[in-house]
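The values are calculated or read from the model by the stated rules, or taken from the named source; none is laboratory data. Since we're looking at a predicted model, the values are computed, not measured. Every residue, glycine among them, receives a Cβ derived from its backbone with ideal geometry; neighbour counts consider all protein chains shown. We work out accessible area using only protein heavy atoms, side chains counted, and drop any ligands, DNA or RNA first. Shrake-Rupley method; radii C 1.70, N 1.55, O 1.52, S 1.80 Å.
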Amino acid sequence: MSGWISRSVNICKSRAPLARLVPVAICAVGFGLCLAPQRLPAEEPRQAGRRDTGTSLQAATSLQEVAERLTQIADAAAKRERQFANLHVKAHIEPRGERYDMAVQNGRGRLDLHFTKRPSAGTTTYWLDDGVAFYSSSRNTLVIDPPLAQRERMPAWLSSRLALFFGVAWNGEVLTVSQFCRELASTIRGNEIDTEHWTTRVVEGSPLRIVVEGKMTEPPHNAFTEVTLDPARGFLMTDFIERQSGGRTPRDYVSHRRITSEYSELAPGVFFLSRGVWTQREAGTLAEVDNRAEDSKAELTIDSVEYGDFELPANYFDAHHWPGIRKGLQVIDHRTKPSLRFEYGDSPYDPMVLD
């Protein structure tokens, strides 16, 4: 099926029916967002003066029933997440001028990230997971780690740049919707939530919202997280809001992060990201002391998506032909203890890189 994601995104033809798409393996072409700050106009959090619509499960029933509903959502979301075991995505990210090309196929993954704007204009950073090792190459350094399947929880079709717009940033990780719901349900069932200071509720409706809110007095800390899901699209995340404040006074530290996601239907019942916007604001006296009082923004636009059965060059995932490996690179190999450090091209350890 071919078509358009809005006006700017070409949907590439898929040559495999949905029934042939295999389950997602737990490996990822992963990395941090690392976006340069950009000033934003002042914006009040979306919840100001907003009332819940629909029925809040915690208000009417017990937390255990909230956990049961979260498990139901997780089961439904997991079915959608299994649709993209093989995937090729091209995108661009502003304002830093990044050109993003990621492919995952048969448990292997590669990401080429080209920068078009200063200070990194003209450079390309590469990631490769060939199922044996995970390579990351940037400028003059090559880092080698065990394959991501041994270390990461995100599915293969989500690098963290994409995961931010599909998943939920939770406790220092980005989790798929199914992972987030299961972890939250497990926390409830294990009586690990301090119900005196924290509330967890599912607000039914279309869209559906999961809200986790806490207020501590010692040390002073307020936290609010809201995850908005679309039940009609397999509980895809469409909006994520996180607010935190703390310190001796309300002016000490305030953080507000928001992620919004838009999707296009690639085939009947198959949805993929078309555009995502990430914003973050940190303010307050403590943030100023740590030089973190700033506003940041990133916008990701998907240019093309191909999934199912598609062709790539035979050596696309072969480290021997990968542009990220070249003579003169400073290699850091974390697969040994202690880690090895050497210059590739004139070292007796060279064979280890490609072995």
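VAL353 fails exactly one of the following numbered conditions: (1) open to solvent by 50 Å² or more (accessible area, probe 1.4 Å); (2) in contact with a strand residue (DSSP E or B) (Cβ under 8 Å, 6 or more places away or on another chain); (3) modelled with pLDDT under 95; (4) under 29 Å from PRO146 (Cβ atoms). What is the number of that condition? Among (1) open to solvent by 50 Å² or more (accessible area, probe 1.4 Å); (2) in contact with a strand residue (DSSP E or B) (Cβ under 8 Å, 6 or more places away or on another chain); (3) modelled with pLDDT under 95; (4) under 29 Å from PRO146 (Cβ atoms), the lone unmet condition for VAL353 is (1). Annotation note: of ALA163, ALA121, ALA149, ALA133, the sole residue that is out of contact with any Phe, Trp or Tyr (no Cβ under 7 Å at 6 or more places or on another chain), of a type in the set (A, V, I, L, M) and open to solvent by 30 Å² or more (accessible area, probe 1.4 Å) is ALA149.
Of the listed requirements (1) in contact with a helix residue (DSSP H, G or I) (Cβ under 9 Å, 6 or more places away or on another chain); (2) open to solvent by 30 Å² or more (accessible area, probe 1.4 Å); (3) modelled with pLDDT under 95, ARG80 misses just one: (2). Note on region 265-276: among residues that are within 19 Å of LEU164 (Cα to Cα) and open to solvent by 20 Å² or more (accessible area, probe 1.4 Å), the one that is modelled with the lowest pLDDT is PHE271. What about PHE115, is it buried (at least 21 other Cβ atoms within 10 Å of the Cβ) and either among the aromatic types (Phe, Trp, Tyr) or over 26 Å from GLY345 (Cβ atoms) (or both)? Criteria not met by PHE115. Residues in region 177-232 that are of a type in the set (Asp, Glu) and either free of Cβ contacts under 8 Å to residues at least 40 places away in the same chain or surrounded by fewer than 17 Cβ atoms within 10 Å (Cβ to Cβ) (or both): GLU183, GLU192, ASP194, GLU196, GLU204, GLU213, GLU218, ASP230.
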